[in-house]
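First comes the structure, then the notes that go with it.
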Amino acid sequence: MLFFKAKKKEAGRAEEPASVARAPRYGSLALVGINGYEGMAVLRNVSESGFRMESKTFVEMDLGGVYTIRISPEISSGVKQFELKVETRWIQSSQDKFTAGFMVVDGGNHSFQRYVDFLRDSSRVV
């Protein structure tokens, strides 16, 4: 039988931070243009701070690179095509799918905020 000593809290040691509530995330299908790629892509986990893009075509980009992405939302959104500056946070590629995670830099823009609002309003709560 094993007995373990309980760890004592060190004096002056900060408590672990409370979990921060994660912003809601949404998904959509949009026409995307980034670094030579032009085509339909699935945008997942869309929030005010970033999103994930999935396509069947590989897109050449560097981790940590800052790119301008052009997004043409679905017509029903009422949001016109807009551009965002994004930083590539991660990339995954296989024979079947290319996926990249982007963080919005420069705070996004009004059209992107309207798009996130449209996705929020049109999503179904399950």
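Points to keep in mind about this one:
- Phi angles of the stretch 38-46 translate, via the Karplus equation with coefficients 6.51, -1.76, 1.60 and θ = phi - 60°, into HN-Hα couplings of 9, x, 6, 8, 8, 9, 10, 6, 5 Hz per residue; Gly and Pro are given as x.
- The length gained by stretching the chain between SER122 and GLN92 to full extension, at 0.36 nm per residue less their Cα-Cα distance, is 7.9 nm.
- Per residue, the average separation of C-alpha pairs within less than 8 Å and at least 6 apart gives the stretch 48-126 a relative contact order of 35 percent.
- Going by accessible surface with a 1.4 Å probe and the largest first, GLU54, GLU48 read GLU48, GLU54.
- Residue-wise HN-Hα couplings along the stretch 93-100, as the Karplus relation 6.51 cos²θ - 1.76 cosθ + 1.60 with θ = phi - 60° gives them from phi, are 9, 9, 5, 8, 7, 10, 9, 9 Hz; Gly and Pro carry x.
- Estimated vicinal HN-Hα couplings, Hz - the stretch 50-60 in sequence order (Karplus 6.51, -1.76, 1.60; Gly, Pro = x): x, 6, 10, 10, 10, 8, 8, 10, 5, 10, 6
- With all protein chains in place and ligands, DNA and RNA left out, the 1.4 Å accessible area ranks ILE75, ILE69 as ILE75, ILE69, largest first.
The values are calculated or read from the model by the stated rules, or taken from the named source; none is laboratory data. Everything numeric here is computed off the predicted structure, so don't read it as measured data. Surface areas here come from the heavy atoms of the whole protein model, side chains and all, with no ligands, DNA or RNA. Shrake-Rupley method; radii C 1.70, N 1.55, O 1.52, S 1.80 Å.
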